[in-house]
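Visitor: Quick one: structure below, then a few questions.
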Amino acid sequence: MTAPDGELDEFAAALARDAGEPYAMVNVFTPDLQFFVGLHAPDGDDLPAVGRTMPRDHGFCPEVVARRRALPLPDVFAHARFASNPVVDQIGIRTYAGAPLIYQDTVLGTVCFLGPTDRPRETGRAQHALINSRRDALMDLLVRRAGLPSQ
């Protein structure tokens with residue numbers, strides 16, 4: 001299993017701040033689990049704590065992997081297939097934006113931010129632009145760290 005990464009935790013914290021949301025993650029997947037190698041979650045009693053793993057079928061990132069493109073959901077309740085996701089009840093998620101981390105033709109994982117308050121539908125474009133921008137910055141970081149050629 002992959003271990004948490006301090007630099008990716010810092011990346012997630014910066015993403016959460018930029019998005020104005022309490023949660024942000026850098027995810028990798030196993031056949032059964034999502035593992036948050038980068039995680040920012042709130043401290044304190046106001047919002048639920050989030051661990052480093054979650055079943056693969058929880059959350060919205062598995063959809064991002066399948067789609068192979070960003071998914072902004074300003075209000076998850078506006079989409080019946082997402083409103084019944086376990087993270088809605090377990091963590092109280094109402095807004096989400098995620099993008100796949102793709103190197104060449106391989107999906108390495110996802111990056112996302114999420115929060116407990118729905119946003120107006122018109123914020124979807126801004127969520128989309130932010131998550132794609134941060135995804136690009138993260139891919140640049142990952143490619144440099146791995147010593148791989150740029151895409």
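The values are calculated or read from the model by the stated rules, or taken from the named source; none is laboratory data. Just so it is clear, the structure is predicted and the values come from calculations on it, not from any experiment. Because the Cβ atoms are built from the backbone with ideal geometry, glycine has one as well, and the counts that use them run over all protein chains shown. Remember, those area values only see protein heavy atoms, side chains included, never the ligands or the DNA or RNA. Shrake-Rupley method; radii C 1.70, N 1.55, O 1.52, S 1.80 Å.
Visitor: Answer yes or no: is there a residue in the stretch 75-91 that is closer than 16 Å to Leu15 by Cα, among the hydrophobic types (A, V, I, L, M, F, W, C) and within 13 Å of the chain's Cα centre (by Cα).
Guide: no
Visitor: For the stretch 51-91, which positions are outside any helix (DSSP H, G or I) and under 23 Å from Ser133 (Cβ atoms)? Please lay out each step first, then the result.
Guide: Taking the stretch 51-91 as the starting set, the residues that turn out to be outside any helix (DSSP H, G or I) are 51-60, 68-75, 79, 84-85, 91.
Within the stretch 51-91, Gly59, Phe60, Arg68, Arg69, Ala70, Leu71, Pro72, Leu73, Pro74, Asp75 qualify.
Visitor: While we're here: Identify the single condition in (1) free of Cβ contacts under 8 Å to residues at least 24 places away in the same chain; (2) open to solvent by 30 Å² or more (accessible area, probe 1.4 Å); (3) over 21 Å from Met139 (Cα atoms) that Pro86 does not satisfy, given that it satisfies every other one.
Guide: Failed condition: (1).
Visitor: Within the stretch 3-25, track down each residue that is open to solvent by less than 40 Å² (accessible area, probe 1.4 Å), under 18 Å from Leu73 (Cβ atoms) and not in a loop (DSSP other than H, G, I, E, B).
Guide: The answer is Leu15, Ala16, Ala19, Tyr23, Ala24, Met25.
Visitor: Give me the pairs, please: first residue somewhere in the stretch 1-26 and closer than 14 Å to Asp43 by Cα, second residue anywhere and open to solvent by 20 Å² or more (accessible area, probe 1.4 Å) and of a type in the set (Val, Ile, Thr), beta-carbon distance under 7 Å, and either six or more positions apart or on two chains.
Guide: Correct list of pairs: Tyr23/Val50.
Visitor: Would you check which residues across the stretch 22-69 are β-branched (Val, Ile, Thr) and either more than 14 Å from the chain's Cα centre (by Cα) or under 23 Å from Thr106 (Cβ atoms) (or both) and list them? Please lay out each step first, then the result.
Guide: As a first pass, look at the stretch 22-69 and keep what is β-branched (Val, Ile, Thr): 26, 28, 30, 37, 50, 53, 64-65.
Result: Val26, Val28, Thr30, Val37, Thr53, Val64, Val65.
Visitor: Give the stretch 34-55 a look and list any residue that's touching a strand residue (DSSP E or B) at 6+ places or on another chain (Cβ under 6 Å) and of a type outside the set (A, V, I, L, M, F, W, C), or say none.
Guide: Once the filter is applied, which keeps residues that are touching a strand residue (DSSP E or B) at 6+ places or on another chain (Cβ under 6 Å) and of a type outside the set (A, V, I, L, M, F, W, C), the stretch 34-55 yields Gln34, Gly38, His40, Arg52, Thr53.
Visitor: Still on this structure: Within the stretch 62-80, does at least one residue satisfy the condition of being open to solvent by less than 70 Å² (accessible area, probe 1.4 Å), touching a Leu at 6+ places or on another chain (Cβ under 8 Å), closer than 21 Å to Ala137 by Cα and not charged (D, E, K, R)?
Guide: Checked the stretch 62-80: at least one residue is open to solvent by less than 70 Å² (accessible area, probe 1.4 Å), touching a Leu at 6+ places or on another chain (Cβ under 8 Å), closer than 21 Å to Ala137 by Cα and not charged (D, E, K, R).
Visitor: Considering only residues that are of a type in the set (A, V, I, L, M, F, W, C) and either out of contact with any Cys (no Cβ under 9 Å at 6 or more places or on another chain) or open to solvent by 40 Å² or more (accessible area, probe 1.4 Å) (or both), which ones fall in the stretch 26-47?
Guide: Val28, Phe29, Leu33, Phe35, Phe36, Val37, Leu39, Ala41, Leu47
Visitor: Quick one: Ala99 ticks every box in (1) in a loop (DSSP other than H, G, I, E, B); (2) within 14 Å of the chain's Cα centre (by Cα); (3) of a type in the set (A, V, I, L, M) bar one, so which box is it?
Guide: (1)
For every residue, the table says whether it meets (1) among the β-branched types (Val, Ile, Thr); (2) modelled with pLDDT of 95 or more; (3) farther than 24 Å from Ala126 by Cβ.
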{"residue": "Asn27", "(1), (2), (3)": "no, yes, no"}
{"residue": "Leu39", "(1), (2), (3)": "no, yes, no"}
{"residue": "Ala49", "(1), (2), (3)": "no, no, yes"}
{"residue": "Arg52", "(1), (2), (3)": "no, no, yes"}
{"residue": "Arg69", "(1), (2), (3)": "no, yes, no"}
{"residue": "Ile102", "(1), (2), (3)": "yes, yes, no"}
